[in-house]
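Here the structure comes first, spelled out in structure tokens, and everything after it is commentary.
The values are calculated or read from the model by the stated rules, or taken from the named source; none is laboratory data. Remember, predicted model here, so these are calculated numbers, not experimental data. In this analysis, Cβ positions are derived from the backbone assuming ideal geometry, glycine residues included, and neighbour counts consider all displayed protein chains. Keep in mind that these areas ignore ligands, DNA and RNA; they rest on the heavy atoms of the full protein, side chains included. Shrake-Rupley method; radii C 1.70, N 1.55, O 1.52, S 1.80 Å.
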Amino acid sequence: MMNAIEWPEGYLPGYTDNFVSNEVIFAGLTAAEIWPLLTEPTRWPSYYANSSKVRFDNGDGPVLSLGRRFSFDTFGFTINAEVVEYVAPTRGEPGRVSWHGWGGEGDGRLDVHHAWLVEDLDGSRVRILTQETQNGAPAKDLATTWPNPMLNGHQEWLDGLTAAARSASGDGR
């Protein structure tokens, strides 16, 4: 059985203004190969064009950890974020990382919960699930935009992440 994202109060899909879910499963990669590319945000712009200006508060970083605060630019917002879940993958247990993020002010404020689950599957496969819920007027606008920029953007993130992992492992497929 595959694992699922654990949602905090106020961010359960179906009760928020916007929700997107993207998932990939690949053979020949492991959670251990994916994890550093995902949990070191300064690496994101190298494989995900919709991410830039990654900064850590208080000189922290470069690796995410529980309670760590950071910010980055994406989808036209500067997102300030705090890591609210961080569990590195181990044998038989998925990696989990999620952050609460916010950007904008007043009626233009966007609040998000972005969660990732990275788990090894049988047959030398890895599953990467990313889901995000959002609240606020910008989230309502994103939810009705076609094509969906969040869905497409997160797919680009997954595609770039897996390509970077394949490249780092010497498997350029």
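Key figures
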quantity	calculated
Cβ-Cβ FRET estimate between ASN152 and TRP7, R0 fixed at 22 Å, reported to 0.05	0.45
Carbon + sulfur, % of accessible area of the chain - ligands and nucleic acids excluded, 1.4 Å	50
Under 14 Å, Cβ to Cβ, from THR39 - net charge with Lys/Arg +1 and Asp/Glu -1	-1
Helix-only mean residue ellipticity at 222 nm for the chain, each DSSP H run of n ≥ 4 adding -39500 (n - 2.57), per residue, nearest 500	-7000 deg cm²/dmol
Volume in Å³ per residue [convex hull over Cα atoms, computed for segment 81-173]	120
For the chain, accessible area per residue (1.4 Å probe, heavy atoms of protein chains only), Å²	49
Pair-distance profile P(r), taking every C-alpha pair of segment 1-93, with 5 angstrom steps and integer %	2, 10, 16, 22, 23, 18, 7, 1, 0
